Amino acid sequence: TMLGVITTDASVTSDVWRKMVQVAVNRSFNQITVDGDTSTNDCVLALASGLSGSNKISSLNSSEGEHLQACLDAVMRGLAKSIAWDGEGATCLIEVRVTGASSEAEAAKVARSVASSSLTKAAVYGRDPNWGRIACAAGYAGIPFNPNKLKISLGDILLMEGGQPLPFDRAAASDYLKKAGEIHGTVVIQISIGDGPGSGLAWGCDLSYDYVKINAEYTT
Amino acid sequence: ASPIVEMSNYIPAAPILLPEGPWQQVPGGVTAANGFKAAGMYGGLRAVGEKPDLALVTCDVDAMSAGAFTTNVVAAAPVLYCKEALDNSTTARAILINAGQANAATGDAGYQDVIECSHALSELLQFNPEQVLIESTGVIGKRIKKEALLKSLPNLVNLLSSTVEGAYSAAVAITTTDLVSKSVAIESEVGGTRIRIGGMAKGSGMIHPNMA
């Protein structure tokens, strides 16, 4: 289960606040995954006191509205990433960046599909630069794209381009994963699926033996 | 020892990876913004250990409220309660959070437990019951240890503070299998006025949110 509580002293109308919070949730908490299990209790509650004395924001599209949205996105993303970073048994955070989609929503769906893939997560834990599993998870996301436009990088190591696997330094790629695991750092998987304007992010973590151990013991 | 030291005896704080932007990170989490207080304490709800398990966040004024909730059909009692409360009111004053039992799959009795807890707290704080929102996390199928929770409320209310420690203790109290607490706040200038946004979160397992 994830729970979130957000507080602000910005002054904002109820309708705009409720829309803003849902947009920020979609860009943050709804883009993380540890094990694919959607809890019975997931909940984010957000309160705006208005005690900063700022002008009341009554439109999402005003410059103040867009600025407050960006701040809200940042706080929720920071918290959402810390949940994925702390995934049960995790040794590193996985950040999946997708570009070239036809919309933000489609890019987000592909990104989350890859972040959710148990085989991709296990490969990261095994320090295996397994681009095939990444391509597979992008392919079953339910978003149509031209596989001949698929481009995949692990960190800044190019593994696939134009739908063609590339020769790459396996040891260096595996070392990139190993180093991230040693410092509980971040593994970045970059995917391009075409030339569209849509981009999106998702966060997950690697799948270790400890995840099974922790959950074999934590019983209802 | 200061409460923050005591709290870190339980679990450390997560490194928060904030995206770049026109804001500065400030200390304080949910208490950084004007008007908010928080507290966390051990109320005897956790099955094992004495890590804090009850948290409370309050606002000095009627705050605009918003929420996003699981789309899991077997939604927990506090989720059903909060959805109703937000339907009935655009504002809220307090958020009570317990760890240990999720109060999910607990049927009518579980829903009654939420009502009793929100009424007890609203009486203590002199709020309208619908101004109190509730979140729970922990074992599914178990009703909350209501007697222990109700008995702890006066002390929890007395612990409320607008300090960094208040925010930090609340962030620890909402955790379950988390290895770190999760709390952050930023300050930015919106329309010529300095505003603050803070937050806390928990989560480590059963994580694939689809909230709406």
Of the conditions (1) over 15 Å from the mean Cα position of the chain (by Cα); (2) farther than 19 Å from B:Arg196 by Cβ, A:Ala70 fails just one. Which one is it?
(2)
Scope region B:119-140; condition in a loop (DSSP other than H, G, I, E, B) and either touching a Gly at 6+ places or on another chain (Cβ under 7 Å) or on the phi > 0 side of the Ramachandran plot (or both); matching residues:
B:Gln126
Quick check: anything in region B:66-85 over 22 Å from A:Asp42 (Cβ atoms) and either surrounded by fewer than 24 Cβ atoms within 10 Å (Cβ to Cβ) or within 9 Å of chain A (Cβ to nearest Cβ) (or both)?
no
Any residue at all in region A:21-32 that's of a type in the set (Ser, Thr, Tyr), under 23 Å from A:Lys109 (Cα atoms), in contact with a Ser or Thr (Cβ under 7 Å, 6 or more places away or on another chain) and buried (at least 24 other Cβ atoms within 10 Å of the Cβ)?
no
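For every residue, the table says whether it meets (1) under 22 Å from A:Ser153 (Cβ atoms); (2) of a type in the set (D, E, K, R); (3) touching a residue at least 60 places away in the same chain (Cβ under 8 Å); (4) more than 8 Å from every other protein chain (Cβ to nearest Cβ).
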position	(1), (2), (3), (4)
A:Thr7	no, no, no, no
A:Ile32	yes, no, yes, no
A:Ser39	no, no, no, no
A:Ser49	no, no, no, no
A:Asn55	no, no, no, no
A:Thr91	yes, no, yes, yes
A:Ile94	yes, no, yes, yes
A:Arg112	yes, yes, yes, yes
Among (1) surrounded by 16 or more Cβ atoms within 10 Å (Cβ to Cβ); (2) at pLDDT 95 or above, which single condition is B:Asn88 missing?
(1)
Single residue of region B:141-167 satisfying the filter (closer than 17 Å to B:Gly44 by Cβ and outside any helix (DSSP H, G or I)) that is nearest to the chain's Cα centre (by Cα):
B:Ile144
Is region B:133-151 home to any residue that is of a type in the set (Lys, Arg) and surrounded by 24 or more Cβ atoms within 10 Å (Cβ to Cβ)?
no
Hey, does region B:105-118 have a residue that's within 12 Å of chain A (Cβ to nearest Cβ), not in a helix (DSSP H, G or I) and not hydroxyl-bearing (Ser, Thr, Tyr)?
yes
Residue count, region B:92-119, condition surrounded by 18 or more Cβ atoms within 10 Å (Cβ to Cβ) and either closer than 21 Å to A:Ala46 by Cβ or hydrophobic (A, V, I, L, M, F, W, C) (or both), comes to 13
Report every pair of residues separated by at least 6 positions or lying on different chains whose Cβ atoms are under 7 Å apart, first residue within region B:81-100 and farther than 21 Å from A:Thr13 by Cβ, second of a type in the set (Gly, Ala, Ser) and in a strand (DSSP E or B).
B:Ile97/B:Ala55; B:Asn98/B:Ser136; B:Ala99/B:Gly138; B:Gly100/B:Gly138
Kindly evaluate B:Pro27 against the criterion of being in a loop (DSSP other than H, G, I, E, B), more than 8 Å from chain A (Cβ to nearest Cβ) and buried (at least 21 other Cβ atoms within 10 Å of the Cβ).
no
Scanning region B:171-212 for residues that are hydroxyl-bearing (Ser, Thr, Tyr), within 7 Å of chain A (Cβ to nearest Cβ) and buried (at least 24 other Cβ atoms within 10 Å of the Cβ) gives B:Ser204
Look through region B:10-56, keep the residues that are without any contact (Cβ under 8 Å) to a residue 40 or more places away in the chain and aliphatic (A, V, I, L, M), and return whichever of them is nearest to A:Trp203 (Cα to Cα).
B:Leu17
Anything in region A:9-30 that is facing chain B (nearest Cβ under 8 Å) and not small (Gly, Ala, Ser)? List them, or say none.
A:Asp9, A:Val12, A:Thr13, A:Trp17, A:Arg18, A:Met20, A:Val21, A:Gln22, A:Val25, A:Phe29, A:Asn30
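The values are calculated or read from the model by the stated rules, or taken from the named source; none is laboratory data. In this text, all values refer to a predicted model and were calculated from it rather than measured experimentally. Don't worry about glycine lacking a Cβ; one is built from the backbone with ideal geometry, like all the others, and counts go over all protein chains shown.
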